[in-house]
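**Q** Before anything else, here's the structure in question.
The values are calculated or read from the model by the stated rules, or taken from the named source; none is laboratory data. Treat the numbers as computed from the prediction; the structure is a model and nothing was measured. A quick note on method: Cβ atoms are made from the backbone with ideal geometry, for glycine too, and the neighbour counts reach across all protein chains shown.
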Amino acid sequence: MPNDLDNACLLNDAASDKAVEHQLMEEGYYNIYGAAGARTEMPGCSLCMGNQARMAPNSTVLSTSTRNFPNRLGDGANVYLTSAELASVGAILGKLPTPEEYQQYAANLDSMSAEIYRYLNFDQIEEFQKSAEEGKRIAATEIQDVAV
């Protein structure tokens with residue numbers, strides 16, 4: 001993906017938690033990310049805190065995290081805190097979009113809102129149902145042991 005500075009544009013993705021990662025895998029998005037050359041990180045704060053992944057020195061980064069401070073994502077990294085939509089447009093274009101470029105893509109979001117904006121229904125995900133049942137069983141056993 002070309003950008004204004006003719007540098008490489010990299011897409012890194014870190015799902016907010018394991019439940020989101022699971023859903024993205026189930027829906028095939030990780031395959032799409034992989035085919036596009038994206039690097040997927042551990043779910044959670046791997047990128048936002050610079051724990052496992054760091055950007056190249058002096059990079060420009062569009063981040064959907066909620067905090068920013070100098071060198072958080074890499075030495076001299078210029079980090080812009082953005083919405084998921086703006087970060088997505090930036091990934092498509094390979095640069096921080098102009099307002100006009102953003103609006104061109106944003107105009108299509110409303111027609112896709114039913115697909116884009118939805119809550120994860122954990123009660124409908126089999127893996128999480130099993131984990132919840134196991135958690136209830138463990139809690140009930142430990143409560144009984146303590147009560148005796």
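**Q** Restricting to helices (runs of 4 or more DSSP H) lying wholly in the range 77-148: which have 3 or more residues that are modelled with pLDDT of 75 or more, closer than 19 Å to residue 64 by Cβ and of a type in the set (A, V, I, L, M, F, W, C)?
**A** Fully inside the range 77-148 and qualifying: 84-93.
**Q** Quick check: anything in the range 13-29 at pLDDT below 80 and not charged (D, E, K, R)?
**A** yes
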